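Q: Right, I'll just put the structure down here and ask away after.
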Amino acid sequence: MLLCCGESLIDMLPRETSAGEAAFAPYSGGAVLNTAIAAARLGQKTAMLTGLSRDLFGQILEGHLASNHVDTSLCLRSDRPTTLAFVTLKDGHATYAFYDENTAGRMISPVDLPASLEGITALFFGGISLAVEPCADTYETLCLREATRLPVMIDPNIRPSFITDAARYRARLARMLAVADIIKLSDEDLAWLSNNSSEAEAVGDLLTAGAKLVLITKGADGVTAYSADGQLTHPVIPATVVDTVGAGDTFNAGILTGLAEAGYLSKAALAAPLPQDILKTALDLGVRAAAVTVARAGANPPLRAEI
């Protein structure tokens with residue numbers, strides 16, 4: 001079972017009422033929740049570890065996870081409010097205003113973590129939950145605790161406007177990325193993280209630090225996968241873009257599902273040379289799934305049968 005560790009929140013998406021008034025509608029979201037939902041819809045057995053509120057929005061989130069067959073038994077529940085993210089769309093691209101102070105998702109601490117992860121075979125971390133304390137320290141603790149025995153994928157999904165202490169955030173990411181087996185970054189993430197070093201240099205540093213597979217997504221220019229054995233670029237699948245919300249998260253789910261189905265989502269398999277046909281198949285699943293998501297409003301990843 002894949003365990004997705006990180007934020008679950010409510011995306012308040014812009015809508016228009018029947019009277020023509022501007023409004024916001026609540027949708028389940030958060031980069032890590034989106035990845036969990038997408039993986040489950042693709043057929044991957046999936047669980048989530050997140051801070052869930054018992055409030056109205058928390059009930060929406062838990063119901064959404066349960067209805068998509070994501071195991072919520074490891075979720076950490078409290079009476080704190082749910083994180084809200086108000087979304088603004090421009091030419092299909094989303095920007096976010098987060099309301100996250102003292103929320104159920106943010107205020108989890110290392111003492112809240114389960115003592116063991118029975119039945120879990122891989123871990124995914126990412127999103128804004130790696131940028132703010134105390135939840136960021138909690139996810140780092142879990143990552144470092146389990147990385148020696150379980151394969152780890154990280155997609156920091158960097159939101160510069162959300163980061164209040166860049167030096168502390170960079171240091172935390174450096175420690176987590178150093179133990180990650182798979183790292184996914186957008187080209188914008190890579191530029192921010194590497195202070196605009198060349199792609200080859202920045203990716204080389206990540207591989208030298210221990211990553212087995214580094215994935216760089218480049219919007220309309222596709223995705224390039226790097227490993228010690230070389231690189232492979234996969235083009236995007238043409239789609240009519242409604243918005244890009246959840247596209248990268250869906251791609252993550254496709255990669256994880258594709259590798260798991262081929263028997264390559266393990267520490268031992270990722271440490272060995274990754275066959276190009278296995279990698280290409282996993283990339284193809286991620287790209288095709290993301291193409292469906294961008295053609296829909298909001299983060300609404302496809303079922304496997306829709307690809």
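The values are calculated or read from the model by the stated rules, or taken from the named source; none is laboratory data. If you're wondering where the values come from, they're calculated on a predicted model, not measured in any experiment. FYI the Cβ positions are ideal-geometry reconstructions off the backbone, even for glycines, and counts take in every protein chain you see. Note: accessible area is taken over every heavy atom of the protein model, side chains too, but ligands, DNA and RNA are not part of it. Shrake-Rupley method; radii C 1.70, N 1.55, O 1.52, S 1.80 Å.
Q: When only residues in segment 244-274 that are of a type outside the set (Gly, Ala, Ser) and within 25 Å of residue 91 (Cβ to Cβ) count, which is surrounded by the fewest Cβ atoms within 10 Å (Cβ to Cβ)?
A: Only one residue tops the list, namely 244.
Q: Something else: Looking at segment 207-242, which of its residues are in contact (Cβ under 8 Å) with a residue 60 or more places away in the chain, part of a loop (DSSP other than H, G, I, E, B) and open to solvent by less than 50 Å² (accessible area, probe 1.4 Å)?
A: Within segment 207-242, just 222 meets the criteria.
Q: Sticking with this one: With respect to residue 88, is the statement that it is more than 18 Å from the chain's Cα centre (by Cα) and within 19 Å of residue 294 (Cβ to Cβ) true?
A: yes
Q: Would you confirm, using the coordinates I've provided, whether residue 73 is among the polar types (S, T, N, Q), in a strand (DSSP E or B) and either touching a Leu at 6+ places or on another chain (Cβ under 7 Å) or in contact (Cβ under 8 Å) with a residue 24 or more places away in the chain (or both)?
A: Answer is no for this residue.
Q: Please indicate, with yes or no, whether at least one residue in segment 16-39 is open to solvent by 60 Å² or more (accessible area, probe 1.4 Å), part of a loop (DSSP other than H, G, I, E, B) and of a type in the set (A, V, I, L, M, F, W, C).
A: The answer is yes, given that some residue of segment 16-39 is open to solvent by 60 Å² or more (accessible area, probe 1.4 Å), part of a loop (DSSP other than H, G, I, E, B) and of a type in the set (A, V, I, L, M, F, W, C).
Q: When residue 85 is evaluated against the numbered criteria (1) outside any helix (DSSP H, G or I); (2) of a type in the set (A, V, I, L, M, F, W, C); (3) touching a helix residue (DSSP H, G or I) at 6+ places or on another chain (Cβ under 8 Å); (4) open to solvent by less than 30 Å² (accessible area, probe 1.4 Å), which criterion, by number, is the only one it fails?
A: Residue 85 satisfies all of (1) outside any helix (DSSP H, G or I); (2) of a type in the set (A, V, I, L, M, F, W, C); (3) touching a helix residue (DSSP H, G or I) at 6+ places or on another chain (Cβ under 8 Å); (4) open to solvent by less than 30 Å² (accessible area, probe 1.4 Å) except (3).
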